[in-house]
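Accompanying notes for the structure given below.
The values are calculated or read from the model by the stated rules, or taken from the named source; none is laboratory data. As the structure is a computational prediction, the values presented were derived from the model and not from experiment. Heads up, the Cβs are rebuilt from the backbone with ideal geometry, glycines too, and the neighbour counts pull from every protein chain shown. With ligands, DNA and RNA removed, areas are computed over all heavy atoms of the protein, side chains included. Shrake-Rupley method; radii C 1.70, N 1.55, O 1.52, S 1.80 Å.
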Amino acid sequence: MKTVFSGIQPSGTLTLGNYLGAMKNFAVMQDEEDCLFCIVDQHAITVPQKKTELKHNIRSLAALYIAAGISPEKATLFIQSEVPAHAQLGWMMQCISYIGELERMTQFKDKSDGKEAVSSALLTYPPLMAADILLYGTDVVPVGEDQKQHLELTRNLAHRFNTQYNDIFTIPEVRIPKVGARIMSLNDPLKKMSKSSPKAKSYISMLDEPETIRKKMRSAVTDSESIVRFDPENKPGVSNLLTIYSLCSGESIETLEKKYEGAGYGPFKEDTAEAVVEVLEPIQKKYHELMKSEELDAILDKGAEEASKRAQKMLKKAERAMGLGRGK
Ligand code: AQP
C-alpha cells in the first residue's frame, strides 16, 4: 500500500478545475492506498485573506472533500495549521532551499507579477509544501499540472536533505491525470481556471447554482468556426469544454466530436452545462447537509490527531539529522 498525500488551499470555493484535476481522483485512491488529504490553510495566507472568509473556506473545503466522496474511515482529512510539525519542518526545508530556485517557480512569478508588496511567504511556499509531503513518507502526490514544478522542487529538497544529513525522506512521485490536469478559464482559455480569480465568469465554482453554471457555459469563450473539434492549440476554448464534458459525462472526446458534428456551439454548450450540473448537484446536496451538522468537527479533530502522531515521528528524525535541540 502506498502513502498518498495531497493538499488543497482554502483560498476560495473550489472550482471545477480543482475538482476534475485533483479531488475527483482522490476518492478512487482512498480505496487502495493510505491517503492523507490536507486543507493547507497556511499556504492560503501567503496572499492576503480575510479572517472570517478564511474560517468559512476551511470548513467549506472540509465539507467538499467529504461530499466529493472522501471517507474519514478510509482516509485522514485534516487542517495543516492544526498539525504544527508542518510549519516546523517547513522552516528546516527553507534552510536548505536556495533563493534562486524559489524565484524560478512559475506560481511565484505569476502571483507576484505587478504587485508592489509581495510576502516573503509567497516565495517560501514550496519548501512548506515539501514539508507537507515529506512528513508522511509520501510515495505519491496526485496533483494538477500546475503543481508539477513544485513537486520537482520537493524531490530535489528531499534528495538534498538525504545527502547532506541523513537518508530519512522518501522521494515522492508526482501523479498527474492524463485528462483534466489543466482545466482552463472559461473566458480566457489560455489561462488555467483558478479559484482566486477576481472574474467569477472565468470559473465554475463547485457550489454554483445550476442556472449560474448554464449562464457561465453559455458565455464561455470559443471561436468563430462553429466546429466541435479537440485541438487545444488552435481551438483552446472548445477543447477545454470538450475535456470538461468528457470528464463529467464519461463519454470519450471522439464520441462527443461525432455527436456535435454540424450542430454548432449552442447545443454543445448547453449539454456541457447539463453534464456539469449532473456531477455537481449531488455533491452540493451532501455539502449543504454537512455544513449544518456537527460531524465535520469530529472528523477534523480525529484527522488532526492521527496526522500529528505520524508527522511528529518524522519531525523528530529530521531534527536529529540536522542536530537541532538536545536530540531527545
Ligand atoms: N485549472 C486546474 N485544472 C486542473 N487542476 C487544477 N488544480 C488547480 N487548478 C486546476 C489542482 O487543484 C489542486 C488544489 O490546488 P490548490 O488549491 O492547492 O492551489 P492552486 O493549484 O493554486 O489552485 P487554484 O484554484 O489556482 O488556487 P489559487 O487561485 O488560490 O491559486 C492541486 O492539485 C492543483 O494542481
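Summing charges over all other residues whose Cβ lies under 11 Å from the Cβ of Y98, with Lys and Arg as +1 and Asp and Glu as -1, gives 0.
Cβ-Cβ distance of E32 and S226, R₀ of 45 Å, FRET efficiency by 1/(1 + (r/R0)^6): the value works out to about 0.55. Out of region 150-238, which trypsin sites (Lys or Arg not before Pro) are coil in DSSP terms and have no more than 16 other C-beta atoms within 10 Å? The qualifying sites are K178, K191, K199, R229. Counting other Cβ atoms within 10 Å of each Cβ, which GluC sites (Glu not before Pro) in region 14-88 have at most 12 and sit in a DSSP loop? Listed in order of number, the matching sites are E32, E73.
Across the accessible surface of the chain, with the other protein chains kept in place and a 1.4 Å probe, carbon and sulfur atoms take up 50 percent.
Could you give the Stokes-Einstein D for the chain in µm² per second, using the C-alpha Kirkwood radius, 4 °C, 1.567 mPa s? For the chosen part, D equals 62 µm²/s.
For region 210-287, the spread of Cα positions along the three principal axes, ordered from largest to smallest, is 39, 24, 22 Å. Electrostatic tally near S197: other residues with Cβ closer than 10 Å to its Cβ, Lys and Arg +1, Asp and Glu -1, net +4. Projecting the Cα atoms of P267, V277, N240 onto the charge dipole of region 210-287 (Cβ charges, centred on the Cα centre) puts V277 farthest toward the positive pole.
Taking every protein chain into account, the 1.4 Å probe leaves D301 with about 100 Å² of accessible area, to the nearest ten.
Per residue, the accessible area of the chain comes to 48 Å² when a 1.4 Å probe rolls over the protein heavy atoms.
Relative to the compact-globule estimate of 2.2 N^0.38 Å, the Cα radius of gyration of region 188-328 comes out at 1.56.
Stretching the chain fully between R326 and I45 yields a gain of 98.0 nm (0.36 nm per residue, less the alpha carbon separation). Pairs of Lys residues in region 210-287 that lie 8 or more places apart, or on two chains, and have C-alpha atoms under 16 angstrom apart add up to 5. Taking other residues whose beta carbon is less than 12 angstrom from the beta carbon of I183, and scoring Lys, Arg as +1 and Asp, Glu as -1, yields +3. Taking label points 7 Å from Cα along the Cα-to-Cβ direction, T52 and S293 give a separation of 2.7 nm.
The label point for K259 and the one for R218, both projected 7 Å from the Cα toward the Cβ, are 2.1 nm apart.
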